[in-house]
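These notes concern the structure reproduced below.
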Amino acid sequence: MHELSICQATLKQILDIGQSYPNHVVSCITLKIGPLSGVEPFLLEQAFPLASINTIAENAELIIEHLPVKILCLQCDTESKTPPNRLLCQKCGAWQTKLISGDEMLLASLEFQELTIE
């Protein structure tokens with residue numbers, strides 16, 4: 001399950017950012033994942049609680065936004081959304097296309113919450 005290692009790498013990035021916010025914890029993490037990224041969102045959601053134990057993101061809400069596949073037609077210069085398994089131009093039907101998005105996994109946003117001292 002490579003999603004655990006993806007969680008660990010993402011958490012490293014989050015912890016690095018978190019160093020700029022002492023006395024804060026992460027309350028919300030938003031990831032954007034395309035269907036061609038090679039990442040299975042459901043498995044990532046299952047791996048996250050295990051990977052985040054004893055970190056500032058341990059109790060964070062994980063939000064995953066699904067990105068569409070977008071292509072650019074090299075024949076008619078049209079940009080369009082398409083199913084992941086059919087990278088054909090939606091206007092002219094050409095197969096000569098360039099992938100614009102849909103293969104990424106992005107750390108889109110983090111929300112921090114200040115720790116309260118009781």
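What the table below lists for this structure:
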| read-out | value |
| --- | --- |
| Among (1) of a type in the set (A, V, I, L, M); (2) over 16 Å from residue 8 (Cα atoms); (3) in a strand (DSSP E or B) - the single one residue 88 does not satisfy | (3) |
| Residues of the stretch 66-82 classified as at negative phi and either among the β-branched types (Val, Ile, Thr) or loosely packed, with under 12 Cβ neighbours inside 10 Å (or both), total | 5 |
| Those residues of the stretch 9-35 which are part of a loop (DSSP other than H, G, I, E, B) and on the phi < 0 side of the Ramachandran plot, in sequence order | 19, 20, 21, 22, 34, 35 |
| Single unsatisfied condition, residue 2 versus (1) more than 30 Å from residue 117 (Cβ to Cβ); (2) buried (at least 16 other Cβ atoms within 10 Å of the Cβ) | (2) |
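Just so you know, all these numbers are worked out from the coordinates, no wet-lab data involved. What you are looking at is a predicted structure, and each value in this text was computed from that prediction instead of being measured. As a convention, Cβ positions derive from the backbone with ideal geometry for all residues, glycine included, and neighbour counts pool all protein chains shown.
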